[in-house]
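Right, one structure below, let's go through it.
The values are calculated or read from the model by the stated rules, or taken from the named source; none is laboratory data. Remember, predicted model here, so these are calculated numbers, not experimental data. Backbone-built Cβ (ideal geometry, glycine too); neighbour counts: all protein chains shown. Surface areas here come from the heavy atoms of the whole protein model, side chains and all, with no ligands, DNA or RNA. Shrake-Rupley method; radii C 1.70, N 1.55, O 1.52, S 1.80 Å.
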Amino acid sequence: MDKFRIQGGRPLEGEIAISGAKNSALPALAACLLTSDPVKLTRIPPVRDIRTMEQLLEHAGASIARDAGSMTVQAGKLDRPEAPYELVKTMRASSLVLGPLVARTGRARVSMPGGCAIGARPINLHVSALEQLGATIRQSHGYVEAEAPDGLKGTLVQFDRITVTGTEDVLMAAVLAQGETVIHNAAREPEVQDLAVLLNKMGARIEGAGSSTIRVHGVGRLHGAEHTIIADRIEAGTFLIAGAMTHGDLVIADCVPEHLDALVSKLKQAGAEVRQVRPGALGVRSKGRWRAADITTEEYPGFATDLQAQYLAMMTLAEGISFVTETIFENRFMHTQELARMGANIRVEGRQAIVAGVRELTGAQVLASDLRASASLVLAGLVAQGETIVDRVYHIDRGYEKIEEKLARVGARIERVS
Ligand code: EPZ
């Protein structure tokens, strides 16, 4: 099992290029199931979750051609509209195939995702939204079985709470439903907007993506298209924090700066200098000890829950006490116990972590528990005194493309060891 060995204390200097967004590529790949024509997607990040999604598409009957940096998916005939447990258990975002399979074939059998380290993560909102569109859904033997033999019918879909992949699932189902669908309390994430751009290129008629009300006029069929995935704002945010924490002088290139507004304002509040150095590129510098600054995670455009663990790592060395409140997931502080082993002073009370800044962290052997917690341990290792070994880095490989190579290229002393 791979580990990272990190020697702390080196400032990051230079330029890091951001990859395509995993959380945009996953729904985009699922959207390919909606047409029998080929769909060409560029800037798909070669991370583990993408490979899982590829296996799901091929299992359903799609064929995939790959060339440098792009992928062409053709779901000509879907003779097995299902997502099996052995794949779904490794990636809960597999539920993204539920909507497209029902819309395209009239049926779907998708294993229910188990919980994961950060929370129960049910898909009840996905199921109820598809039922509102007319699908008959039953749950048995750990599978969700959906049927819509006469097709789906447009309607008003009201989400009790904002769900990113729930919005994406129902959006992909609604594009082929008869009549109009209005989605209320929709997620506004850039990845939802990117999916709508792709679907409209495929012939869908969607308005309002990116706002909390999305309107969809159903069409008879979708056709092929070509689309480039947006930059990964969470990868970009992770490296922005790394640049600030290491007192470096780092440029994050090929990103979408406006997707990072919540993080950038917090980094400035903490005393880091962040500026747009050219279109699509943010520069970060920091001198001296940064100040404590509180965050509360919220749905986009609020502070992203996927950047909470990384930001908390930075606050462990801040001057003062910071309050980190996690409102999206019920158990997303697994990184705090590992950070404490490096000398951090953190107390977790329910949904809030109270972080008292210390002068230094010391390198230690630490264990990754989930994708973003692993990233926070790498960041801590970059600034800790001495050597840090991060174990179970397969978690980080789910969502970051060669993170150790990107960091080493800007001065970090980090290597992958097995
Ligand atoms: C997406 O997960 C992302 N994954 C997550 O990124 C991200 O943390 C999350 O959105 C929040 O931004 C992908 O896009 C593939 P939700 P998702 O449905 O859609 C509850 C990463 O690190 N809920 O918006 O699964 C849920 O338990 C990953 O890249 C229900 O109760 O998140 C959570 O508490 C981690 N019932 C809240 O809603 C449902 O049917 C928000 O979850 C669905 C969700």
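Out of all the residues in region 283-298, is one or more modelled with pLDDT of 95 or more, open to solvent by 60 Å² or more (accessible area, probe 1.4 Å) and within 16 Å of the ligand (Cβ to nearest atom)? Yes; the residues of region 283-298 include at least one that is modelled with pLDDT of 95 or more, open to solvent by 60 Å² or more (accessible area, probe 1.4 Å) and within 16 Å of the ligand (Cβ to nearest atom). Considering Ala236, Ala196, Ala209, the condition of being among the small types (Gly, Ala, Ser) and open to solvent by 10 Å² or more (accessible area, probe 1.4 Å) is satisfied by Ala209 alone. Taking region 212-233 as the range and being within 23 Å of the chain's Cα centre (by Cα) and open to solvent by less than 20 Å² (accessible area, probe 1.4 Å) as the test, the residues that pass are Ile214, His227, Ile229, Ala231, Asp232.
Do you know which of the residues in region 5-58 that are in contact with a Lys or Arg (Cβ under 6 Å, 6 or more places away or on another chain) and not basic (Lys, Arg) is farthest from Val393 (Cα to Cα)? That would be Leu34. When region 82-124 is filtered for residues that are open to solvent by less than 10 Å² (accessible area, probe 1.4 Å) and polar (S, T, N, Q), the ones remaining, listed by number, are Ser94, Ser95, Ser111.
Is it true that some residue in region 165-184 is surrounded by fewer than 21 Cβ atoms within 10 Å (Cβ to Cβ), of a type outside the set (D, E, K, R), at pLDDT 95 or above and within 14 Å of the ligand (Cβ to nearest atom)? No.
When restricted to residues that are touching a Ser or Thr at 6+ places or on another chain (Cβ under 8 Å) and either among the charged types (D, E, K, R) or near the ligand (Cβ under 8 Å from one of its atoms) (or both), region 117-143 contains 3.
I'd like to verify a number: residues in region 219-262 that are closer than 18 Å to Lys201 by Cβ and within 15 Å of the ligand (Cβ to nearest atom), how many? So the count comes out to 2.
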